[in-house]
Structure formats: structure tokens, C-alpha cells
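The block underneath contains the structure these notes are about, expressed in C-alpha cells.
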Amino acid sequence: MAAAAEAAEPWRPAAPRRRRPAARRPRHRQRPAAAAAGDPEADPDVDGGVVLRRIREAREDLRVSDFWSSALETINRCLMRHLGQLDAPAGTLPEAIGSLHLDSSPPGSGAAPGRGPRASLAPGARGWKCVCYGVGSFATCVIARNQLAFLLLFLEECQIPRSHCWVYDPLFSRLEIAVLTALGVTVLGENEEGKRSVCGEPTIFYMLHCGTALYNNLLWSNWSADALSNMVVIGNSFRGLEERLLTRILQKNYAYVAQVLGGLEEQALPQTAQYSDVFNDTSVHWFPVQKLQQLPADTWASREEPDYRDCEDLEIIRSQAGASAAGQAGP
């Protein structure tokens, strides 16, 4: 496939170009049954090589932006504090992550060429992993493409091999799945609805502009102080969710988000006009062990799986199995 050859090329700075303002990404995303206008698979001028080139350009534009340098500083500060509770030694972020296990970058890891050998996580070692939900249709959506470009830069900066990154969005086309595979990340084969356990491994969840139910499901799947302390979530501000939702709605429909608010630390990403529609309302969240242990003892007693049958505005695309079960349950 031509996409694989394109992915192997080194990233090169793109020539400056005029940017058109991007529309705000819709919160409710439904893929029509028939191919709609703009669907990459219905456009003969869009192939894997074109999409990879656009991703490369977005990545290099982001790398030289003021937003990236400020966002990276914010994320570094948050992750270093998070690493402190994992008994990682002090130092720079790459040094701290690399200290978990040092090895040369495995093939297809996506390490930046021309930057010399750097410490990296060996496959299967106790190292960080990354899970990305809901990045959207990046082949045709500028906002989604910029979010994917940010993810690729983030993996490089933290020296997390792309093979340690799993991605999923129900809206991915066959073309987008092929492009992501060529980039070296792993595309999940099923809709987990955010119900993924960290299984004791430090994991970063990259979930921009996702529905509240997805965050709630993620928390439910890791509802213990030990599991939550191994997680970092880059996504919608939890404090913002608290402010926007009525208290009774938050506590009834998204109980795990409501209960964890007293056990987290949150730092908002900086805002710039250039990427205001891409990273608005985005924060880095981590869960200090000390704060989790100070929550009321009965916080951890209930482990009931979330049930969204009474939600009027549910922003999540359900898996077929989950949707069938909900339908059989009745009103």
C-alpha cells in the first residue's frame, strides 16, 4: 500500500499555507448509512497518501506553534507529578518514563528520525501505554486531524512507542483504519464504550470532545484507588462537566464522574486563537493516591455498571451488543 511507504518517510516541515477557519466539531456524531458528501471513501481524490501528507502537515504546523510549546509545558508538569506517585526518579519527563525500562526503539515505534538513540519502553515492559477514543474522521475533518497530529507528537515527546497506543472511533472509515495502521498505532476491533481497565499499567487516555458517558464508563472500569492512580486522562474538563450539568443529573447519570471530583487534580491546556476549536475545554487529569484515600469509605462500595436508559442527551455511540442489551431490558 502506498500509505505504508508514505508513513516511512521522515517528517519534514511543511511550507507555510493559509488556514481556513474550521467549524466546531459536532458533539453528536452519526455516520449515515449511505456514503455522504465528504466521505473519504466516496472521494476519488483522497487516498492513503493524501491523508498521510495532510497529517504530516498538521503535525509540523502544530510543532512550531505557540500552543504546542505551552501545552507541552503544562502536560510535562502534570505527568511529572503523576509519575512521582509511581516511584519514578526525578528528572525530565523522557528520563522518568525511560527509567521504567530502557531499550532501543522497537521497529515501527514512530520515534522521530534524526534525533539519535533515545531511551524507550520495551514491548511488554512495565511502561506507559496510551488509549485514544473519539478522535473522529480525520481524513476529512480538520479538527480531528489536528487532534491526531497532537497525539503523534505527544507519543514522540513521551517516548511511548506507537505500538503501545490503541485507538478507536466508531466513525473510522476503512481508509482511516488503513492510515492508522500504516502510522504504527493499533486500531481496536470493537467498541469498548470506554470500559477498559488499566490492569495495573500506567495508562494515558486521550479523549478529546467525548461524551460524559465515555468518561463515566472509564472510571467505572477502574473504580479503585490503585487503578485510578495509574491513570491520566487528557480530555474534557471534569470541573467543566460539574459546572454545566445539573447536580442531580450528574449524580444520577454519571455517578462515577461525580464521586471522583474530590479525588483528582486537573490542569487546563492553554488556549490560543489558532487552535481554539480543537482543544477547547481540554484538561489533563490525574488522581493522587492521597486524595483518593481521603474520599469517604463508602465511595468504593458500589461498583454497579452505569445504566443510561433514562438519559435524554446521551453523547455516546453504543456498541451493538450494548445497544441490543439495552433494547431487551425494556423501559
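The values are calculated or read from the model by the stated rules, or taken from the named source; none is laboratory data. Since we're looking at a predicted model, the values are computed, not measured. All Cβ positions, glycine included, derive from the backbone under ideal geometry; neighbour counts span all protein chains shown.
Laid out as a table, the results:
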{"item": "Helices (runs of 4 or more DSSP H) contained in the range 237-310 and holding at least 1 residues farther than 21 Å from residue 85 by Cα and small (Gly, Ala, Ser)", "result": "238-244, 255-260"}
{"item": "Filter pass, residue 251 being out of contact with any Asp or Glu (no Cβ under 8 Å at 6 or more places or on another chain), polar (S, T, N, Q) and crowded, with 18+ Cβ neighbours inside 10 Å", "result": "no"}
{"item": "Positions within the range 193-217 being on the phi < 0 side of the Ramachandran plot and surrounded by fewer than 18 Cβ atoms within 10 Å (Cβ to Cβ), in sequence order", "result": "195, 197, 201"}
{"item": "Number of positions in the range 146-189 that are touching a residue at least 40 places away in the same chain (Cβ under 8 Å), touching a Ser or Thr at 6+ places or on another chain (Cβ under 9 Å) and among the acidic types (Asp, Glu)", "result": "1"}
{"item": "Among the residues listed as 216, 236, 230, the single one being touching a residue at least 12 places away in the same chain (Cβ under 8 Å) and touching a His at 6+ places or on another chain (Cβ under 8 Å)", "result": "236"}
{"item": "All positions within the range 195-226 that are within 17 Å of residue 241 (Cα to Cα) and small (Gly, Ala, Ser)", "result": "211, 213"}
{"item": "Test for residue 314: is it out of contact with any Asp or Glu (no Cβ under 6 Å at 6 or more places or on another chain), surrounded by 15 or more Cβ atoms within 10 Å (Cβ to Cβ), at pLDDT below 95 and assigned to a helix (DSSP H, G or I)", "result": "no"}
{"item": "Matching residues in the range 245-289 - criterion: being without any contact (Cβ under 8 Å) to a residue 24 or more places away in the chain and closer than 21 Å to residue 203 by Cβ", "result": "261"}
